[in-house]
Amino acid sequence: MAVKSAKMRELLRLYFIMGSANCSDNPEEVLRSAIKGGITLFQFREKGKGCFQGEEKLHLAKRLQSICRENHIPFIVNDDIELALEIDADGVHIGQEDEPASVVRKKIGNKILGVSAHNLGEAKKAIDEGADYLGIGPIYPTSTKEDAKAVQGLSFIRELKNANINIPIVGIGGITAENAAPIIGTRADGVSVITAISQADSPEASARMLYKAVHIEGNKQ
Ligand SMILES: Nc1nc(C(F)(F)F)ncc1COP(=O)(O)OP(=O)(O)O
Ligand SMILES: [Mg+2]
């Protein structure tokens, strides 16, 4: 587990999350561009108005997964455990409204398991049930997730660190190159981003700026 945790921290550095609904351009081109810009992990999150279902969702997942495989970027699936197992994804991400982490861990074996947590109780439960990392947020206001919980800033990350919770942590919610550094300053392991990359004129340039922001701050730790 220890090796996995160190590797997990590296993977979380710049975690791009995207589905077709988040892209103004072709999702495959957006992903290729984001990979060129230095993303370290990818999550397929096919959700929201007009998102694909069934066969179309499966085919898009496979196309994006093959782009990640060509570039040695692990491919994580949001919510849809059955899809993740069907395409042998590298891991899944679940929230508090999804299946319990303990049930998902049994289904996915040794794949990466990410869990969203909004308070200490949820964090401890996720850790006890085998989570490999926690998604913490929304750090800043976000328009991407319609049912997002209250904006929490950096307070919950600080609370976790003060409670000596050492599981790998990634911040999420409204993150841009301009506001990413303070998240790393709280000793979170990385930032996850949807719109700032998926809607950028150049996803590559946006990812590169984000990577620099987290890298510079990370070197100060
Ligand atoms: N998808 C996510 N990915 C992360 C990650 F840690 F990966 F950055 N953190 C949080 C979420 C939010 O997960 P959830 O609360 O289930 O909502 P949704 O299914 O709408 O995304
Ligand atoms: Mg979810």
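The values are calculated or read from the model by the stated rules, or taken from the named source; none is laboratory data. Quick caveat: nothing in here was measured; it's all calculated off a predicted structure. For neighbour counting, all protein chains shown are included, and Cβ atoms are generated from backbone atoms with ideal geometry for every residue, glycine included. Surface accessibility is based on the protein's heavy atoms, side chains included, excluding ligands, DNA and RNA. Shrake-Rupley method; radii C 1.70, N 1.55, O 1.52, S 1.80 Å.
Numbers below:
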| item | result |
| --- | --- |
| With 10 Å bins from 0: P(r) over region 73-125, alpha-carbon pairs, percent | 26, 56, 18, 1 |
| Accessible surface of region 22-86, 1.4 Å probe, proportion on carbon and sulfur as whole % | 48 percent |
| Percent carbon-and-sulfur accessible area, region 131-214, ignoring ligands, DNA and RNA, probe 1.4 Å | 51 percent |
| Convex hull of the chain built on C-alpha atoms - directionally averaged projected area, nm² | 10.9 nm² |
| 19 Å Cα-Cα reach of LYS124 towards aspartates and glutamates, excluding residues that sit fewer than 8 places from it in its own chain | GLU97, ASP98, GLU99, ASP132, GLU159, ASP189 |
| Solvent-accessible area per residue for the chain (1.4 angstrom probe, square angstrom) | 46 Å² |
| Cα centroid separation - region 5-19 against region 146-181, whole Å | 14 Å |
| Size of charge dipole - region 100-194 - debye, nearest 20, with Cβ of Lys, Arg +1 and Asp, Glu -1, no other charges | 280 debye |
| Given LYS36/LYS149; LYS62/LYS107; LYS107/LYS145; LYS149/LYS220, the pairs whose alpha carbons are separated by over 24 Å | LYS36/LYS149; LYS107/LYS145; LYS149/LYS220 |
| LYS220 accessible area, assembled protein chains, probe 1.4 Å, Å² | 140 Å² |
| Gap separating the Cα centres of region 206-221 and region 61-81, nearest whole Å | 24 Å |
| Span-rule helices in the chain, defined as complete DSSP H runs reaching 15 Å or more along the axis (Cα) with Kyte mean at least -1.0 | 54-70, 203-220 |
